Amino acid sequence: MEYMVRLAQCHETFRVPELQAVATLVGVDLEIVSYDEYSNQSPYCIVKLENDEAARKLISRTILAKDISELWGQGTNYDELHADVKKRTSHRWADYNDIPFAFALYGFSGKRTQEKRVEIIKSFSYTGLTGPVQLKNPPLQFIVMEEYIGDPEASALGVSRITEPRKVFLGRFIANSARDAIDKYDLKKRQYISTTSMDAELSLVTANMALAAPGKVLYDPFVGTGSFMVAASHFGALTLGSDIDPRSFRGKDEEKGMGKNVQANFQQYGIESKFLDTFTSDLTNTPLRNAQLLDGIICDPPYGVREGLRVLGTRDGKVIEPVVIDGVLNYYRPGYIPPKRPYGFEAIQRDVLDFAVRSLVPNGRLTMWMPTTNDEAKEFPVPMHPNLEVIAVSVQYFSNWARRLMTYRRLPEGEVSDISKGRSNADQRGITADELNGFRRKVCAYL
Amino acid sequence: MKVITANFVTCSVKECKTSPSAFPLHFHDAELEMQELDFQPEFIRNVLPRIDWEALRVTANELGFPSLPESKPEGEALDDEQTLKDLHRLLLETQVMEGRLICGNCSHEYVLKEGIANFLLPSHLV
């Protein structure tokens with residue numbers, strides 16, 4: 001059966017990948033029937049699903065959609081739409097008799113006057129619904145959906161805007177999406193955050209791409225203030241996080257006891273049973289043993305604009321010989337801080353991919369954010385690994401840079417992916433953060 | 001640090017990663033705290049295959065828990081709610097708040113403070 005997913009009008013390139021990830025997660029067969037891939041703007045996405053139950057399952061976990069309806073008809077004008085509605089559903093109209101109902105009208109890039117709305121809704125009276133009209137929480141709801149040519153497209157294509165929609169649809173409403181969670185996890189209302197905390201919406205989407213779900217273990221090796229842990233645990237996964245800087249997840253020493261730490265956020269949201277642990281470690285010297293321990297890895301490595309990327313070791317590569325102070329080795333003394341050195345942008349990505357291959361269960365997912373400057377926007381080479389399949393690459397644009405969310409699947413043993421189009425950049429030689437990190441250098445040039 | 005996490009980690013020193021004597025890390029001066037959490041049998045069933053049972057027996061013993069059975073519960077044993085509850089209590093509800101974790105291979109010590117383990121290494125071990 002055909003259904004209409006009304007997508008959210010933001011993060012356009014994340015929307016279909018998220019639907020596909022959720023379909024995998026909840027175990028429904030999803031076929032994308034029509035979606036405006038060219039401009040990636042339209043909120044209308046027609047999909048094929050087995051039944052209403054599958055539609056409910058799919059939408060219940062989707063963040064970047066508003067709702068789902070059963071598609072009752074479509075056309076390039078109302079005559080076509082009415083003909084399609086009659087063809088598809090006339091044998092079912094009687095099933096909906098006596099049920100309180102309502103009609104709503106929704107326009108993308110265009111709107112109607114109140115009089116015109118009423119006229120359009122009345123034009124569906126041939127369905128002969130006998131139930132009373134009930135505007136508040138009607139058990140039966142129809143949505144008339146229109147799509148006009150929007151301003152960006154009009155100027156890009158050099159066509160003038162038209163007063164009539166180019167597409168019209170009728171849907172029988174099934175269910176709302178999981179978008180409410182965005183408000184619940186709004187950073188403004190969260191107890192512990194920092195300037196680098198990922199916003200609630202994209203954290204939840206990232207958790208969906210990683211297939212977070214009850215029974216699973218997800219790990220963020222650059223946990224910071226734990227936005228991904230919280231999002232994945234909202235969906236029921238148990239989460240583990242680490243960071244080379246423990247102050248990021250346990251809070252500053254001077255704010256001790258004030259609930260300014262990752263665990264306090266779990267308490268705030270009532271998901272403490274989903275918190276596994278946070279620990280201090282460096283991914284290049286990880287304590288996690290080499291075994292398939294994780295269902296998902298979810299991360300936004302610090303690439304060195306706001307937070308410099310550092311790993312264990314010394315800048316010049318020289319070992320600092322241990323000394324004994326007051327009978328105790330210096331590195332066992334309280335307050336000891338191990339030396340750290342700047343690390344390359346490409347190197348950490350490779351390390352994350354290698355770590356994912358070692359640590360993920362078969363079909364486990366890695367989701368990794370990566371910033372790019374706009375000159376990389378068109379031909380973007382994705383870091384690849386033969387044991388990982390690239391599932392999706394989505395992009396969020398800012399004024400002079402962009403960031404991408406890359407989603408990978410750990411291939412079961414015996415399967416390999418084609419990595420010939422993978423990213424092959426090597427880090428620049430150097431020691432300082434700027435020398436090592438092309439992205440930082442380019443972005444800082446704008447600041 | 002929960003007992004499940006202790007079963008997932010070994011020594012951060014690269015040479016120790018392949019040494020059987022490095023795992024599990026050994027608890028010393030461990031101070032425990034029990035925390036009541038929602039019972040999640042689905043999670044226990046899912047992660048149990050990833051648990052190194054021999055290592056878990058060593059850890060449980062070091063933390064003063066009664067001996068675990070010699071072999072990992074599998075198949076029908078996982079239908080027994082009490083078995084799952086016991087594992088839930090050990091793996092998820094038992095937290096080591098203070099103490100040290102010591103590598104049996106290189107003897108390096110990792111400190112645990114306020115439930116957070118520090119696995120960073122000084123430069124001569126990197």
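The values are calculated or read from the model by the stated rules, or taken from the named source; none is laboratory data. All values reported here derive from a predicted model rather than from experimental measurement. Because the Cβ atoms are built from the backbone with ideal geometry, glycine has one as well, and the counts that use them run over all protein chains shown.
Is it the case that A:G364 is modelled with pLDDT under 95 and either more than 9 Å from every other protein chain (Cβ to nearest Cβ) or over 26 Å from A:M209 (Cβ atoms) (or both)?
Numbers: modelled with pLDDT under 95: no; either more than 9 Å from every other protein chain (Cβ to nearest Cβ) or over 26 Å from A:M209 (Cβ atoms) (or both): yes.
Against the criterion (modelled with pLDDT under 95 and either more than 9 Å from every other protein chain (Cβ to nearest Cβ) or over 26 Å from A:M209 (Cβ atoms) (or both)), A:G364 does not qualify.
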Scan the strands (runs of 3 or more DSSP E) fully inside region A:305-388 and keep the ones with 2 or more residues being within 22 Å of the chain's Cα centre (by Cα).
A:360-373
Does A:D186 satisfy the criteria of being surrounded by fewer than 24 Cβ atoms within 10 Å (Cβ to Cβ) and of a type outside the set (F, W, Y)?
yes
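Quick grid of which residues meet (1) crowded, with 21+ Cβ neighbours inside 10 Å; (2) at pLDDT below 95; (3) closer than 28 Å to A:S233 by Cα:
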| position | (1), (2), (3) |
| --- | --- |
| B:I4 | yes, no, yes |
| B:E33 | no, no, yes |
| B:D52 | no, no, yes |
| B:F65 | no, yes, no |
| B:L87 | yes, no, yes |
Please go through region A:8-45 and pick out each residue that is assigned to a strand (DSSP E or B), of a type in the set (F, W, Y) and either at pLDDT 95 or above or closer than 23 Å to A:W369 by Cβ (or both).
A:Y44
State which residue pairs qualify: first residue under 16 Å from A:F169 (Cα atoms) and at pLDDT below 95 and inside region A:112-138, second residue acidic (D, E) and part of a helix (DSSP H, G or I) in any location, beta carbons under 9 Å apart, and separation of 6 or more residues or different chains.
A:R112/A:E119
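Checking the condition free of Cβ contacts under 8 Å to residues at least 12 places away in the same chain, in the same structural domain as A:E147 (by TED's automatic domain parsing) and of a type outside the set (S, T, Y), which residue from A:E53, A:E70 passes? Before you say what the answer is, go through the steps one by one.
Working: A:E70 fails: free of Cβ contacts under 8 Å to residues at least 12 places away in the same chain.
Of the residues listed, the single one that is free of Cβ contacts under 8 Å to residues at least 12 places away in the same chain, in the same structural domain as A:E147 (by TED's automatic domain parsing) and of a type outside the set (S, T, Y) is A:E53.
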Scope region A:267-300; condition within 11 Å of chain B (Cβ to nearest Cβ) and in a helix (DSSP H, G or I); matching residues
A:E272, A:S273, A:K274, A:L283, A:T284, A:N285
Can you tell me how many residues in region B:56-81 are out of contact with any Leu (no Cβ under 9 Å at 6 or more places or on another chain), part of a helix (DSSP H, G or I) and either small (G, A, S) or closer than 23 Å to B:R100 by Cβ (or both)?
4
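Select, from A:T24, A:T62, the only residue that is touching an Asp or Glu at 6+ places or on another chain (Cβ under 8 Å) and in contact (Cβ under 8 Å) with a residue 40 or more places away in the chain. Lay out the reasoning, then the answer.
Details: A:T24 fails: touching an Asp or Glu at 6+ places or on another chain (Cβ under 8 Å).
Answer to the check: A:T62.
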Can you spot a residue in region A:141-150 that is over 15 Å from A:K167 (Cβ atoms), surrounded by fewer than 16 Cβ atoms within 10 Å (Cβ to Cβ) and assigned by TED's automatic domain parsing to the domain that holds A:R6?
no
Number of the exception - A:Y331 against (1) buried (at least 16 other Cβ atoms within 10 Å of the Cβ); (2) more than 21 Å from B:V126 (Cβ to Cβ); (3) of a type in the set (F, W, Y)
(2)
Restricting to region A:240-258, name every residue that is closer than 15 Å to A:C299 by Cα, outside any loop (DSSP other than H, G, I, E, B) and at the interface with chain B (Cβ under 10 Å from one of its Cβ atoms).
A:L240, A:S242, A:F249
Any residue in region A:199-211 that is in contact with a Gly (Cβ under 9 Å, 6 or more places away or on another chain), of a type outside the set (V, I, T) and over 23 Å from A:Y397 (Cα atoms)?
yes
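For region B:85-126, which positions are part of a helix (DSSP H, G or I) and either among the aromatic types (F, W, Y) or touching a helix residue (DSSP H, G or I) at 6+ places or on another chain (Cβ under 7 Å) (or both)? Working first, answer last.
Filtering region B:85-126 down to residues part of a helix (DSSP H, G or I) leaves B:85-93, B:123-125.
Passing the criteria: B:L87, B:H88, B:L90, B:L91, B:L92.
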Regarding A:Y44, is this residue touching a Gly at 6+ places or on another chain (Cβ under 9 Å), touching a residue at least 60 places away in the same chain (Cβ under 8 Å) and crowded, with 19+ Cβ neighbours inside 10 Å?
no
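With respect to A:V26, determine if the residue is touching a helix residue (DSSP H, G or I) at 6+ places or on another chain (Cβ under 9 Å) and crowded, with 22+ Cβ neighbours inside 10 Å. Before you say what the answer is, go through the steps one by one.
Numbers: touching a helix residue (DSSP H, G or I) at 6+ places or on another chain (Cβ under 9 Å): yes; crowded, with 22+ Cβ neighbours inside 10 Å: no.
Criteria not met by A:V26.
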